[in-house]
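What follows is one structure encoded as structure tokens, with my remarks underneath.
The values are calculated or read from the model by the stated rules, or taken from the named source; none is laboratory data. Just so it is clear, the structure is predicted and the values come from calculations on it, not from any experiment. Cβ placement follows ideal geometry from the backbone for every residue including glycine, while neighbour counts extend to all protein chains displayed.
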């Protein structure tokens, strides 16, 4: 049986349903792949041996205990071609890590934790998406579209912050492809095409996973951790 280990960057809270969904979704994908996938939650305020994992997952549930701790795990995945999937808070921190360390925007910040930041890269959404289920249009030919086998999906959101639209075009011109948008053409999925698997979703795909029917994006991510060739 194929095996892998996935480290979830986040501060596990059993009372947070999205954390339970995350564990369950990975289990559903493992069953579909006929693989054993071990999961470990990695506290953001503690040093972690990222090298021990075949995949890293940016979990929902921000603000994290350590902003910098979350960014360090995402940076490790990006720079070492380690499969990474960030959802909700994971998406938000993924775009900030990219802005800081690829685009050179050292002051890129999250308005939730730093409301007076000079470069608010993640800002409050015009309308909170907490508890909303909305349609997302997926860019044809993208990694995400290939995972979904579709160019449209309806997904569950749990967030009230997202990528500041003022930086959307700059982010994409720097290589982080916006592969999913909402009806207002605001970023809801991002990815790096040259990476083995480096995808972020503002929605929480794991909320839609079921036994015997894993979410296609979770399945694609888990497959990339199990089959590393």
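If you check 12, 53 for being farther than 25 Å from residue 195 by Cα and in contact with a strand residue (DSSP E or B) (Cβ under 7 Å, 6 or more places away or on another chain), only one passes: 12.
Is there a residue in the range 108-115 that is in a loop (DSSP other than H, G, I, E, B), exposed (fewer than 14 other Cβ atoms within 10 Å of the Cβ) and at pLDDT 95 or above? Scanning the range 108-115, I find no residue that is in a loop (DSSP other than H, G, I, E, B), exposed (fewer than 14 other Cβ atoms within 10 Å of the Cβ) and at pLDDT 95 or above, so the answer is no. Of the residues making up the range 18-37, not a single one is free of Cβ contacts under 8 Å to residues at least 60 places away in the same chain, touching a helix residue (DSSP H, G or I) at 6+ places or on another chain (Cβ under 8 Å), buried (at least 16 other Cβ atoms within 10 Å of the Cβ) and not in a loop (DSSP other than H, G, I, E, B). Screening residue 98 on (1) buried (at least 20 other Cβ atoms within 10 Å of the Cβ); (2) in contact with a strand residue (DSSP E or B) (Cβ under 6 Å, 6 or more places away or on another chain); (3) closer than 30 Å to residue 133 by Cβ shows it passes everything except condition (2). Look at residue 196 and say whether it is under 16 Å from residue 77 (Cα atoms), out of contact with any strand residue (DSSP E or B) (no Cβ under 8 Å at 6 or more places or on another chain) and at pLDDT 95 or above. Against the criterion (under 16 Å from residue 77 (Cα atoms), out of contact with any strand residue (DSSP E or B) (no Cβ under 8 Å at 6 or more places or on another chain) and at pLDDT 95 or above), residue 196 qualifies. Against the list (1) assigned to a loop (DSSP other than H, G, I, E, B); (2) closer than 24 Å to residue 202 by Cβ; (3) more than 17 Å from the chain's Cα centre (by Cα), the condition residue 62 fails is (3).
Looking at the range 204-217, can you tell me whether even one residue there is under 13 Å from residue 92 (Cβ atoms) and either at pLDDT 95 or above or within 16 Å of the chain's Cα centre (by Cα) (or both)? Yes, the range 204-217 contains a residue that is under 13 Å from residue 92 (Cβ atoms) and either at pLDDT 95 or above or within 16 Å of the chain's Cα centre (by Cα) (or both). Of the residues making up the range 170-210, just one is part of a helix (DSSP H, G or I), surrounded by fewer than 19 Cβ atoms within 10 Å (Cβ to Cβ) and touching a helix residue (DSSP H, G or I) at 6+ places or on another chain (Cβ under 9 Å), namely 170. Run residue 179 past the list (1) touching a residue at least 40 places away in the same chain (Cβ under 8 Å); (2) over 14 Å from the mean Cα position of the chain (by Cα); (3) within 29 Å of residue 41 (Cβ to Cβ) and report the number of the one that doesn't hold. Failing condition for residue 179: (2). Here are some conditions: (1) assigned to a helix (DSSP H, G or I); (2) under 16 Å from the mean Cα position of the chain (by Cα). Residue 136 meets all but one. Which one does it not meet? Result: residue 136 fails condition (1) only. Quick one: in the range 1-14, which of the residues that are closer than 21 Å to residue 46 by Cα and assigned to a loop (DSSP other than H, G, I, E, B) is farthest from the chain's Cα centre (by Cα)? Within the range 1-14, the match that is farthest from the chain's Cα centre (by Cα) is 14.
Within the range 45-58, not a single residue is in contact with a helix residue (DSSP H, G or I) (Cβ under 8 Å, 6 or more places away or on another chain), under 20 Å from residue 112 (Cβ atoms), part of a helix (DSSP H, G or I) and in contact (Cβ under 8 Å) with a residue 12 or more places away in the chain.
Within the range 122-148, if we keep just the residues that are touching a helix residue (DSSP H, G or I) at 6+ places or on another chain (Cβ under 7 Å) and either modelled with pLDDT under 95 or over 21 Å from residue 63 (Cβ atoms) (or both), the residue that is surrounded by the most Cβ atoms within 10 Å (Cβ to Cβ) turns out to be 144.
Only one of the numbered conditions (1) buried (at least 19 other Cβ atoms within 10 Å of the Cβ); (2) modelled with pLDDT of 95 or more is not met by residue 62, and that is (2).
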